[in-house]
Amino acid sequence: MLKRCYFAQLPLLSVVACVLQLKLQGAPAGQTAAGQQDARSAYEGGCLLAWLDRFKEAIPLLETAVAELPSAEGCWGNTQTIQDTLKVVRREHQRSQDSLAKACDAKVSGTDRETKAKKGTKDLYIKPCEASEMANGLKAGEYQRALAALTAQLQRDEGLLKGVDSSEPSAHNLRGSTAGIYTIRALSLYALGNSLAALRDLQSSMDLYRDYPSTSEFENYFYRAAIHSETGNVQGAADDCRTVLTFRNLQSFARSYCTKLVAAQPSAASTSSDTRTNGGNLTGAATGGASLRSEIDELEKSHRYLPLPPPQSARGASGGFGDATRTIKNSTPYQVRVVFAGSVEREITLDPGTAQTLHLPPGQYRVLERASAPDVLPFLGSQTYNPGDTYTSQIIIQSR
C-alpha cells in the first residue's frame, strides 16, 4: 500500500518531499475525506511556494491540488482558479529557465559582454548572465546561482548607498531597489535551507523601507511569517501575520493564510505579558476577550462616556516593524482599568501614580479607560498603532 501524506502535520518542505515521492510512486488521487484534506493542504502549500517564487517546487503541489480541487480559488488576484495559477506557474517557470539559458549561453550572448544599468546617479555594468540569474534564478529553481548573483549586486548597491546623499531624489529609488534585492536574496537563502540568514536579509529590507515606505512592505512580513511558521516560531508567525492583516488590498491567499495562522494562536497572543509593570497588573484576555468586547459594545450603546484623547506618538527605534509600544501613566487618585480590543484583547489595571508599558500588534484598537470611582465617566475611543512606533498618554479624569 502506498503511503499517504498528512500535510497538515508536516512542515512545508516535508510536504513538498512527500508529494514528490508519491508522484514518483504513481499514487492515485485521494477520493476519501482524508484525501480531500491532503489536497487542501497541498493547495495551501503550493500557493505558499508560488508566493515565495519557488515555482519548481510549487508545480507538483499545485498539480495535486488541481486533481482534487479544480475549482479552488487561485493563489493570486490575477488567477481566478487554482488551474489558472498552475498555468501561470508552469509558464513562468519555463520562461525563467529559457531566459537563463539564453543569457548565460556563451555561444549566444557572449558572457564577457556587459550592459549598462542605471543605479541612482551611477552607471553600473552587469553581465547579462548575472542580471538574468538575479531576475530569473529563483523562479527557475536555480537557487544557488540566484544567491551568488544577488550577493554580488548587493555589494555594488551597498557601495553606492554609502556615496549617495539621502536628500537626493535618486536615493529613494536606490534604497527601494536595494530593499527588493534583499527580499529576493532572503527567499533564495530560505529555499537553500538557511532560514537564519533569510530572516537577516528580510530585516535589512525592512530597515531600508523605514524612511521610504512602499506598498511592497507587507511582503516582507508575509515572507517572515512563513519562515517563522516553518521553523516552529508560531508566535512570531502570528505576530507578523497580524501586521500583514493591517495592510489594505491584500490578495485573498495572503489574507486567508495569515488569518489562519493568527486564529491558531489566540491564547499565546492574548496572554503574553510585559514584565515592566511598574506597579500595574496585566491580565491576559484569552478567556475574557468576548466579555471585554461586549463591555465596550455596551458602553458605546449607552453613550455614557467621554471621548478618549489621542496619545502622543513617535517613530520607534525598530524602524517601522514589529509590535507597537504603548505606555500609559495614571495621574489620578483612583485605580484605573484600561482595555484594548483589536487584533488581540488586553486588559491592565493601574494604581494611582503608576505607569505601564505593553506591546501590541499593530492595527486599530478600541480603547476603554475606566476609573474605580462611580461618579467618573470612562474614556472610550479608537486608536491606530503603526508597526514599531511608540505611543504615550497620561490619564487625567474629570468628574460629572
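The values are calculated or read from the model by the stated rules, or taken from the named source; none is laboratory data. Being a predicted model, the structure only gives us computed values, none of them experimental. Cβ sites come from the backbone with ideal geometry, for glycine too, and all protein chains shown count toward neighbours.
Sort through THR64, THR79 and tell me the only one that's touching a residue at least 12 places away in the same chain (Cβ under 8 Å) and not assigned by TED's automatic domain parsing to the domain that holds ILE184.
THR64
Could you tell me whether the stretch 374-386 includes any residue that is buried (at least 20 other Cβ atoms within 10 Å of the Cβ), modelled with pLDDT under 85 and either within 27 Å of ASN220 (Cβ to Cβ) or acidic (Asp, Glu) (or both)?
There is no residue in the stretch 374-386 that is buried (at least 20 other Cβ atoms within 10 Å of the Cβ), modelled with pLDDT under 85 and either within 27 Å of ASN220 (Cβ to Cβ) or acidic (Asp, Glu) (or both).
Taking ARG370 and the conditions (1) over 25 Å from the mean Cα position of the chain (by Cα); (2) touching a residue at least 60 places away in the same chain (Cβ under 8 Å), which numbered condition does it fall short on, given that it satisfies the others?
(2)
Is there a residue being under 24 Å from GLY45 (Cα atoms), basic (Lys, Arg) and either modelled with pLDDT under 80 or assigned to a helix (DSSP H, G or I) (or both) anywhere in the stretch 234-251?
The answer is yes; a qualifying residue exists.
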